[in-house]
Amino acid sequence: MIHAGFADVAACWVCGGHQLTRQHDAILDLDVYRDQHPELAAYTGAIVWFRTCAACGFTQPERLPSLPGFFDRLYDQLWASDWIQQEFESDYKDLIFQVILRGLDARTTAKGPLLDVGAHAGRFIHLAQQNGWTPEGIELNPRTASFAAARTGLPVHSTNVDRMELCRHRYSAITLIDMLEHVPDPLTLLARVTSALAPGGWIAVKVPSGPAQRQKERVRALLHRGYRARLADNLVHVNHFSPGALRKSFERVGLSRITVEIAPPELPSTQGHRARASNLLRRSLYFCGRQLPGGVHTPVALNLLAFGQSA
Ligand SMILES: [Zn+2]
């Protein structure tokens, strides 16, 4: 089967700039979808270059697949139910979740409705409820969405946020945790969810840092002969925010009192000395990076966390 082609992406999705320089490539390998979505699998072997904007530091693909619903199909993974359950029960993202909840606590006076966009297996909305919020979630993958709803007893809308009717001025807080980097043209989504914030409501976004992740992959490739830097294969991370581009995005959708800081790392469950040492290193980089003036702009800031308030 021949794939449906590509459409060029001419201007920076964050600032509209046209001075874009090739940074790294992504190879599409979608053979795993051969039976489920053959039109998606047809893109296997195609290469997409990623380019960085000289004006704001944002990195995005040079072209996007023209296949309608490409990304919906990409996230239609047939996860096994015990894997989803493990994702709910596992605490490897809890430090991230706690820092976000504490950040919202420090900024808000009344805890009202909270919307988590990209709710995955539902662990964050579960923790947010324990923390006094009234959470609901949106989750594209039907299997994780139905698990999250059943397990938490909370509303989880199983849809693409682009297609969901969002009530204007409804939510006291909206969170996008490891979500915005998966979305082409992320400002359209950011503007939509911002309009669903109540006046004075807060948004929290956690994404990987594009420049720091590139640096890390370069070092890896130097240390391991034959290792190919992987930053955007299959367009799963379809955009890469620098700290400046994240701030600019918040400004462009009209958010104020913006902060961009280093986000905590994931801490995978540890067994054995190596895994414990690796988690200790991740924690140390995070806590040391936070002490450094301008630490968010250094290679130790592998992940970014931004807060902004609606007018
Ligand atoms: Zn730009």
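Where a number appears in this text, it was derived from the coordinates with a stated rule and is not lab data. Quick caveat: nothing in here was measured; it's all calculated off a predicted structure. In this analysis, Cβ positions are derived from the backbone assuming ideal geometry, glycine residues included, and neighbour counts consider all displayed protein chains.
Structural remarks
- The stretch between Thr188 and Arg168 holds 5.7 nm of extra length on full extension. This uses 0.36 nm per residue minus the Cα-Cα distance.
- Helix-derived mean residue ellipticity, 222 nm - over the chain, DSSP H n ≥ 4, -39500 (n - 2.57), to 500: -10000 deg cm²/dmol
- Calculated on alpha-carbon atoms, Rg and Dmax of region 1-74 in Å: 13.7, 42
- Over the chain, the reciprocal of the mean inverse Cα-Cα separation, the Kirkwood hydrodynamic radius, stands at 20.3 Å.
- In terms of surrounding Cβ atoms within a 10 Å radius of their Cβ, Val236, Val296 rank from fewest to most as Val236, Val296.
- Rh (Kirkwood; distinct C-alpha pairs) - region 208-311, Å: 15.2 Å
- Antiparallel %, DSSP beta bridges [both residues in region 1-142], to 5: 70 percent
- Neighbour-count ranking [beta-carbon atoms within 10 angstrom, fewest first] of Leu176, Leu292: Leu292, Leu176
- Charge-dipole axis of region 39-173 as Lys and Arg at +1 and Asp and Glu at -1 on Cβ define it, positive-most pick from Trp133, Leu154, His169: His169
- Kirkwood-type radius of region 196-247, with distances r between different C-alpha atoms, in Å: 13.3 Å
- For region 1-137, the Cα gyration tensor yields ellipsoid semi-axes of 35, 24, 12 Å (square root of five times each eigenvalue, largest first, whole Å).
- Put a dot 7 Å past the Cα of Ser90, heading toward its Cβ, do the same for Ala150, and the two dots end up 2.0 nm apart.
- Span from the region 231-297 Cα centroid across to the region 2-77 one, whole angstrom: 23 Å
- Rg ratio for region 78-138: its Cα radius of gyration over 2.2 N^0.38 Å, N being its residue count, equals 1.18.
- For the chain, averaging the sequence separation of C-alpha pairs within contact (under 8 Å, six or more residues apart) and dividing by the residue count gives a relative contact order of 18 percent.
- Using the Karplus relation 6.51 cos²θ - 1.76 cosθ + 1.60 with θ = phi - 60°, the per-residue 3J(HN,Hα) values for region 168-182 come to 6, 6, 9, 9, 6, 8, 10, 10, 10, 9, 6, 10, 5, 6, 9 Hz, with x marking Gly and Pro.
- Dipole in debye (nearest 20) - the chain, about Cα centre, beta carbon charges: Lys, Arg +1; Asp, Glu -1: 1100 debye
- Projecting the Cα atoms of Leu222, Pro268, Gln85 onto the charge dipole of the chain (Cβ charges, centred on the Cα centre) puts Leu222 farthest toward the positive pole.
- Calculated over region 158-228: convex hull of Cα atoms, volume per residue (Å³): 118 Å³
- For Ile174, the residues whose amide H sits under 5 Å from its own are Leu115, Trp202, Ile203, Ala204, ignoring neighbours fewer than 5 places away on the same chain, with H placed 1.01 Å from N.
- Long-range HN-HN contacts of Arg51 with modeled amide H, under 5 Å: Gln23, Gln60, Glu62
- For region 96-224, the Kirkwood radius over C-alpha pairs fed into Stokes-Einstein at 37 °C and 0.692 mPa s yields D = 212 µm² per second.
- Burial ordering of Cys167, Cys53, fewest other beta-carbon atoms within 10 Å first: Cys167, Cys53
- Computed extension length for Thr259-Ile2: 88.0 nm, one decimal, from 0.36 nm per residue of separation with the Cα-Cα distance subtracted.
- For region 101-116, 3J(HN,Hα) per residue [Karplus equation, 6.51 cos²θ - 1.76 cosθ + 1.60, θ = phi - 60°, Hz, x = Gly/Pro]: 5, 5, x, 5, 3, 5, 9, 10, 9, 10, 8, x, x, 10, 10, 9
- Computed about its Cα centre, the charge dipole of region 1-114 is approximately 620 debye, with only Lys, Arg, Asp and Glu carrying charge at their Cβ.
- Here the chain carries DSSP beta bridges of which approximately 60% are antiparallel, counting only pairs with both residues inside.
- Chain lengthening between Ser284 and Arg225 when straightened (0.36 nm per residue, less Cα-Cα): 18.5 nm
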